[in-house]
Amino acid sequence: MPGVELCAVRLSKPFCCQFIVGAWFFLIGVGVSLGQAPPVPVIWGCLLYASNNPSPAQAPDRINPFDKTLEEETGFKSLQRVGQNQTVMVAGRDGILTFPGELRVMITNLSQERDGRLLVGLQVYRGNKELLLTQARLREGVPLFIRGPAWRQGELIIAVVIGS
Amino acid sequence: MKPFEERYTAWVDGLLVGEDREVFEREYPMLVGEREAMGKLQGLIRQQFRAPSLTHPDFFNAELRKQIERDQASQVRVSGQRRWFGLPRLAWAGLSSAVAFLAVAVLMMVAPHPQKEAHDALAEILKAQTNAPGVKATVDSNKNVTIIKLDGLEKVPAENELK
């Protein structure tokens, strides 16, 4: 029977045809798996009061893995949550996180990249005044901290995390 | 009783004889003239369209036989190819691909998701700018956190209750 010589093994034509058909199904299956629509992203944010007050820490759980580094970077040893908010992103619409002190973060142009990271535009406002315009690549669960204005003996820090 | 078509065919070919023929011609007298006309036509055709006499009939027969053998061989090849894509083989192919797909799906579910890796992946700041007068934005991503620092902001009055 005619066949294909491959690595000193003679494969029959029916086997080759079967293999090719199977490979096509396999590739289609992989494509469907990879092409699944990403879940609707939820963006969570909180306003922290960083100070050296000897008050017990009240930082949210999702910030805990980073609070030591944040302490080292900011020089403040206490993190207290002043407010938190979250928004569900809808395609074609911006999201807004509002915090006490007339602070708000507008989330724009959210898109997912091939490596799973999310490209996002962030605008920080205090009242109607734009304080910051930034574009960032964020991973789910990895916070972005924005050190804001001073308040009392410390300063206000906004944390933005993708994921509910 | 034989059907008309059978009797008519036999009568035209001259195979209907004796009483059967007489009965048929009695039943269909108008066909008698028709058979005579057909006989004349057949005679003319045989006269005008005689088969050419072949000078080398053996060679002609041999070529004809080769052509027939080639046609038969190609038909065998086509039917063989059709068997490769037969229903059982397609069924096996579908089953094996379904198993492979399930295996890949399970592997993808079990494997650590790239988005849920440890928090060692920093947020990457592509752009950070401010239009507020006297305010400066700087990015610090030295350790496992990324911080954008805004210097020069007005203090929030201490008496403000942030709630």
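The values are calculated or read from the model by the stated rules, or taken from the named source; none is laboratory data. These figures come from a predicted structure and were not determined experimentally. Cβ: placed from backbone, ideal geometry, glycine included. Neighbour counts: every protein chain shown.
Quick notes on this one:
- Within the stretch B:149-163, residues that are facing another protein chain (nearest Cβ under 7 Å) reach partners that are at pLDDT below 80 with beta carbons closer than 8 Å, at six or more positions or on different chains, in the pairs B:Val156/B:Leu162.
- Looking only at residues of the stretch A:54-77 that are surrounded by fewer than 19 Cβ atoms within 10 Å (Cβ to Cβ) and hydroxyl-bearing (Ser, Thr, Tyr), we find that the one that is nearest to the other protein chains (Cβ to nearest Cβ) is A:Thr69.
- Flag for A:Arg104 being basic (Lys, Arg), surrounded by 16 or more Cβ atoms within 10 Å (Cβ to Cβ), in contact with a Leu (Cβ under 9 Å, 6 or more places away or on another chain) and within 12 Å of another protein chain (Cβ to nearest Cβ): no
- B:Pro88 surrounded by fewer than 10 Cβ atoms within 10 Å (Cβ to Cβ), out of contact with any helix residue (DSSP H, G or I) (no Cβ under 6 Å at 6 or more places or on another chain) and farther than 30 Å from A:Val21 by Cβ: no
- Selection of the stretch A:78-95 for residues being of a type outside the set (Gly, Ala, Ser) and either surrounded by fewer than 15 Cβ atoms within 10 Å (Cβ to Cβ) or within 18 Å of A:Glu140 (Cα to Cα) (or both) yields A:Gln84, A:Asn85, A:Gln86, A:Thr87, A:Val88, A:Met89, A:Val90, A:Arg93, A:Asp94.
- Boolean, B:Pro88 is in a helix (DSSP H, G or I) and at pLDDT below 85: yes
- Meets criteria (surrounded by 10 or more Cβ atoms within 10 Å (Cβ to Cβ) and under 30 Å from A:Phe19 (Cα atoms)) for B:Trp11: no
- Residue within the stretch B:58-65 that is surrounded by fewer than 10 Cβ atoms within 10 Å (Cβ to Cβ) and either within 48 Å of the chain's Cα centre (by Cα) or modelled with pLDDT of 90 or more (or both) present: yes
- Residue-level check: of (1) crowded, with 21+ Cβ neighbours inside 10 Å; (2) at the interface with chain B (Cβ under 10 Å from one of its Cβ atoms), A:Gly45 misses just (2).
- Residue within the stretch A:108-116 that is free of Cβ contacts under 8 Å to residues at least 60 places away in the same chain, on the phi < 0 side of the Ramachandran plot and more than 11 Å from chain B (Cβ to nearest Cβ) present: yes
- The stretch A:117-133: number of residues that are over 10 Å from A:Ile162 (Cβ atoms), of a type outside the set (Phe, Trp, Tyr) and either under 15 Å from the mean Cα position of the chain (by Cα) or more than 7 Å from chain B (Cβ to nearest Cβ) (or both): 8
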